[in-house]
C-alpha cells in the first residue's frame with residue numbers, strides 16, 4: 001500500500017512540477033525552474049501538510065475549548081480563557097521561537113516527562129505551535145457561533161425532554177457550524193500565510209525552499225514563484241469554502257444565504 005502511495009505521490013510531484021514549469025518559465029531564467037522547481041513543489045507539499053494537520057487538530061481542540069469557555073463553572077472557564085487570550089495576544093513568531101529555542105532550556109525536565117522528542121525536532125515544534133495557536137482562535141470562533149444560537153432553541157430542546165449535551169450535538173451545533181463557516185475559512189487562509197514563518201526554524205516548506213534557491217542564485221524570481229503559489233493556495237481555499245457554504249446553506253431562504 002505504501003508503495004502505491006509513493007508512486008502516486010511521485011507522479012503528482014512530477015506532473016505538477018512540469019505544469020508549473022510551463023507557467024513560470026516565461027517569468028525568468030528557464031534553468032532556474034529546471035534546477036529548483038522540484039524542490040519548490042516539494043516545499044508546497046510541506047506547507048499543505050502543516051496547514052492540514054494543524055487546522056484539523058486545532059479544530060478538535062478549539063471545539064472542546066469552546067465548551068469550557070461557555071461553561072458556568074469559573075474554575076473550568078478561567079484556564080481556557082487564559083490559554084485563549086495568551087495565544088491570541090502574542091505574535092505567532094514569538095510563540096514559535098519560545099517553543100523551538102525555549103524547549104532546550106528545559107531539556108532535562110522534558111526528557112523526564114518523555115516529551116523531549118517533540119521539542120528536539122523543528123517539524124514537531126512547528127506543528128505544536130501552530131496547532132495551539134489556531135486552536136485558540138478556533139475556540140473563540142466556535143464559542144461565538146454557539147452563543148449566537150437563539151436561547152429559544154435550548155428551551156425548545158428542553159421542552160422536548162432532550163438533555164443538554166444531546167441538544168448541543170443535535171440542535172445547537174448544526175446551526176452554530178453554519179455561522180462559524182466563514183470565520184473558519186478565514187482562519188485557514190491566515191494559517192496558509194502564517195506557515196511561511198516555519199522557514200525561520202529550518203523547515204523547508206514553500207518559503208524555505210524559495211529561500212534555499214535564492215541563497216544559491218540570488219535571483220529574486222524564486223520569491224515570485226512562492227508568492228504566486230501562496231496566492232493560488234488562498235484562492236483555491238476561498239473557492240472551496242464558498243462551495244461548502246452554498247452547499248450547507250442551500251436549505252435556507254435565499255435572503256439569508258451567506259454572501260458569495
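Here, each number is a calculation from the coordinates, and none is a lab measurement. Please read these numbers as outputs of a predicted model, since none were measured by experiment. Cβ: placed from backbone, ideal geometry, glycine included. Neighbour counts: every protein chain shown.
So what is Rg over Rh here for the range 1-66, counting just Cα atoms and using Kirkwood for Rh?
With Rg and the Kirkwood Rh in hand, the quotient comes to 1.18.
Cα centroid distance between the range 35-85 and the range 140-209, in Å?
Answer, in whole Å: 11.
Describe numerically, in nm with one decimal, the distance between label points set 7 Å from Cα along Cα→Cβ at residue 27 and at residue 81.
Between residue 27 and residue 81, the simple spin-label model gives 4.7 nm.
As a test of the formula, what do you get for the chain when each DSSP H run with n ≥ 4 contributes -39,500 (n - 2.57) and the sum is divided by the residue count, at 222 nm and rounded to the nearest 500 deg cm²/dmol?
My calculation for the chain gives -26000 deg cm²/dmol from helical runs alone.
Among 29, 205, 219, rank each residue by its count of other Cβ atoms within 10 Å, from fewest to most, as a rough exposure measure.
Fewest to most other Cβ atoms nearby, the residues stand as 29, 219, 205.
Over the chain, what relative contact order in percent results from Cα pairs under 8 Å that are six or more residues apart?
With pairs under 8 Å counted, the relative contact order is 24 percent.
What order do you get for 65, 6 when you list them from fewest to most C-beta neighbours inside 10 Å?
Sorted ascending by nearby Cβ count, the order is 6, 65.
Please give the FRET efficiency for residue 240 paired with residue 112, using the beta carbon to beta carbon distance and R0 = 35 Å, rounded to the nearest 0.05.
0.20
Dimensions of the chain along principal axes (Cα, Å, largest first)?
The Cα atoms of the chain stretch 71, 56, 39 Å along their principal axes.
Quick one: if you stick a label point 7 Å off each Cα along the C-beta vector at residue 162 and residue 35, how many nm between them?
6.3 nm
Before anything else, pin down the relative contact order of the range 161-260: Cα pairs under 8 Å, at least 6 apart, normalised by residue count, whole percent.
Rounded, it is 27 percent for the range 161-260.
Could you identify which residue out of 142, 220, 106 has the top mean-square fluctuation in a GNM of the chain using Cα springs shorter than 10 Å?
Answer for the Gaussian network model of the chain: 106.
Across all directions of projection, what mean area in square nanometres is found for the Cα convex hull of the range 107-197?
With every direction weighted equally, the projected area is 8.2 nm².
Report the label-to-label distance for residue 173 and residue 202 in nanometres (one decimal), using points 7 Å from each Cα along the Cα→Cβ vector.
Each label point is offset 7 Å from its Cα along the Cβ direction, giving 4.1 nm.
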